[in-house]
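*Asks:* One structure, as structure tokens, below. Some questions next.
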Amino acid sequence: MEKMVNKSNKNAELINNANLIILALDKLNSKFSGKTVLITGAAGFLGSQFVYYFDLLNSLKINEKPTKVYLWDNFIRGIPDWMNDFTSKKNFILETKDIIIDCDYPNTNYIIHAASIASPIFYRKYPLETIFSNITGLKNILDFSINNKSIDSILFFSTSEIYGDPDNKNIPTKETYRGNVSCTGPRACYDESKRLGETLCVNYNNIHKVPVKIARPFNNYGPGLKISDRRVIPDFFRNIFNDENIELLSDGTATRTFCYISDAIEGYIRILLSDYNGESFNIGAEFPEISMLDLAKLTIEISNKPLKVEFKTSSDKEYLSDNPQRRCPSIEKAKEALNFNPKISLKEGLKRTYDYYKNNLESEEL
């Protein structure tokens, strides 16, 4: 499988990651044989890696029958160049769809609902679109699924942000923690709509037996995440590629753990293919829990450039409002129930991300 990867391809890292996912899932890959999958938000960060996974699964003929994949997106953040390869590719159907509007859904076996704006800068710019994608769009999918007997499983992407700003006794944070979240703050459009989305999933499962599962991502990163995304890792690398010192718009003491994209997607597929309907799972890395200052220093180290860290203040007065001081998951539930074990270290993942950005410095801006 490694030999099929074209190293000159600007998306070689996405293909390499797809290979890692296939190897990690092993016999679970066969569950997609001859099946149809709908991916909402297919043009986004998570969506792109799902697409490359299914493409490599078909290309390598891992299964007896190929997987048919519908790629839906409203392209609010532009159409990425890589999607041009899928406009006429066999077994892929690329369509412009707004899931807030009731769509004509295809006959499908699996639905991966990844349509949402996840970057704080951008969901604050589009708060209503964020809310309705997470609630109305999800409701449309769940309503469609009530009487559709062909559906084997649905995966809803929630977020670690539903926990808000946990106190230290709830770090690492378990799925049972109820959260410390503002319902009116600048992040509430995202946090609260994801919380209500989970409530919808649980009740549609309880009342209508819709086979929906819930993923709570913890700071995923890696190839496919636009360098213009405005989350911390692409921001740091954007400074580096511009030969600028890294700008920290905080005191640098806030901590996070980061989960590389191939590990994360493997975890999400394990949830999708499980029988844990109506349940939620943290998907992330338990360690290292690293401060933003140390993360900045590590990215500079990886680049091998003579840069330093500068402390500045954002012109946005609400930039740090409701920003959690610590974010670190407990993944014991996913380990025990799903056999989920992240493999890529933070340093290795950052190196792979750096290599990806070398060939992907251009991206669509909002």
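The values are calculated or read from the model by the stated rules, or taken from the named source; none is laboratory data. Predicted model only: the values in this text are computed from it and were never measured. Ideal geometry is used to build each Cβ from the backbone, glycine not excepted, and the neighbour counts take in all protein chains shown. Heavy atoms of the whole protein, side chains included, go into the accessibility calculation; ligands, DNA and RNA do not. Shrake-Rupley method; radii C 1.70, N 1.55, O 1.52, S 1.80 Å.
*Asks:* Tell me, which residue of the range 232-250 that is in a helix (DSSP H, G or I) and in contact with a Lys or Arg (Cβ under 7 Å, 6 or more places away or on another chain) is farthest from Asn219 (Cα to Cα)?
*Replies:* Applying the filter and picking the extreme gives Ile240.
*Asks:* I'd like the residue in the range 72-103 that is open to solvent by 20 Å² or more (accessible area, probe 1.4 Å) and assigned to a helix (DSSP H, G or I) and, out of all such residues, is modelled with the lowest pLDDT.
*Replies:* Asp81
*Asks:* Right, here's the next one. Those residues that are outside any helix (DSSP H, G or I) and open to solvent by less than 10 Å² (accessible area, probe 1.4 Å), I need them from the range 167-202; list them, please.
*Replies:* The answer is Thr173, and nothing else.
The rows are residues; the columns are (1) open to solvent by 80 Å² or more (accessible area, probe 1.4 Å); (2) out of contact with any helix residue (DSSP H, G or I) (no Cβ under 8 Å at 6 or more places or on another chain).
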| residue | (1), (2) |
| --- | --- |
| Arg326 | no, no |
| Glu336 | yes, yes |
| Ser345 | no, yes |
| Glu348 | no, yes |
| Tyr354 | no, no |
| Asn360 | no, yes |
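Here is a yes/no grid of residues against (1) modelled with pLDDT under 95; (2) within 23 Å of Ser250 (Cα to Cα); (3) in contact with a helix residue (DSSP H, G or I) (Cβ under 6 Å, 6 or more places away or on another chain):
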| position | (1), (2), (3) |
| --- | --- |
| Ile265 | no, no, yes |
| Leu293 | no, yes, no |
| Ile302 | no, yes, yes |
| Glu318 | yes, yes, no |
| Ser321 | yes, yes, no |
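*Asks:* Further question: Cβ-Cβ below 7 Å, separation at least six or inter-chain, first residue in the range 68-87 and of a type in the set (Gly, Ala, Ser), second assigned to a loop (DSSP other than H, G, I, E, B) and modelled with pLDDT under 90: which pairs?
*Replies:* From residues that are of a type in the set (Gly, Ala, Ser), the pairs are Gly78/Glu364.
*Asks:* May I ask you to list the residues in the range 125-156 that are out of contact with any helix residue (DSSP H, G or I) (no Cβ under 7 Å at 6 or more places or on another chain) and closer than 17 Å to Trp72 by Cβ?
*Replies:* Glu129, Phe132, Ser133, Thr136, Gly137, Asn140, Ile141, Asp143, Phe144, Ser145, Asn148
*Asks:* If we scan the range 46-66, do we find a residue that is among the small types (Gly, Ala, Ser), outside any helix (DSSP H, G or I), open to solvent by less than 40 Å² (accessible area, probe 1.4 Å) and modelled with pLDDT of 95 or more?
*Replies:* Looking for residues that are among the small types (Gly, Ala, Ser), outside any helix (DSSP H, G or I), open to solvent by less than 40 Å² (accessible area, probe 1.4 Å) and modelled with pLDDT of 95 or more, one finds none in the range 46-66, hence no.
*Asks:* Next question, about the same structure. Give me the pairs: first residue in the range 171-199 and more than 21 Å from Glu289 (Cβ to Cβ) and free of Cβ contacts under 8 Å to residues at least 24 places away in the same chain, second residue part of a helix (DSSP H, G or I) and of a type in the set (Asp, Glu), beta-carbon distance under 8 Å, and six or more apart or on different chains, which are they?
*Replies:* Cys183/Glu192
*Asks:* Can you name the residue in the range 114-135 that is among the aromatic types (Phe, Trp, Tyr) and within 19 Å of Gly164 (Cα to Cα) and is also surrounded by the fewest Cβ atoms within 10 Å (Cβ to Cβ) among such residues?
*Replies:* Looking at residues that are among the aromatic types (Phe, Trp, Tyr) and within 19 Å of Gly164 (Cα to Cα), I get Phe122.
*Asks:* Starting from the range 279-293, take each residue that is under 17 Å from Lys333 (Cβ atoms) and list its partners that are open to solvent by 60 Å² or more (accessible area, probe 1.4 Å) and assigned to a loop (DSSP other than H, G, I, E, B), counting only C-beta distances under 7 angstrom and pairs at least six apart or across chains.
*Replies:* Note: pairs meeting the criteria are Glu286/Pro172.
*Asks:* If you check Gly284 against the conditions, is it open to solvent by less than 20 Å² (accessible area, probe 1.4 Å) and either over 19 Å from Ile121 (Cβ atoms) or aliphatic (A, V, I, L, M) (or both)?
*Replies:* Yes, satisfied.
*Asks:* With (1) under 21 Å from Gly224 (Cα atoms); (2) modelled with pLDDT under 95 as the list, and Val69 as the residue in question, which single condition is left unmet?
*Replies:* (2)
*Asks:* Another one. Any residue in the range 234-249 that is over 16 Å from Ser291 (Cα atoms) sitting within a Cβ distance under 6 Å of a residue that is part of a helix (DSSP H, G or I)? List the pairs, counting only those 6 or more apart or interchain.
*Replies:* Within 6 Å, the pairs are Phe237/Tyr357; Ile240/Ser303.
*Asks:* Condition first: in contact (Cβ under 8 Å) with a residue 40 or more places away in the chain and open to solvent by less than 30 Å² (accessible area, probe 1.4 Å). Now tell me which residues in the range 19-40 satisfy that.
*Replies:* Ile21, Ile22, Ala24, Leu25, Phe32, Thr36, Val37, Leu38, Ile39, Thr40
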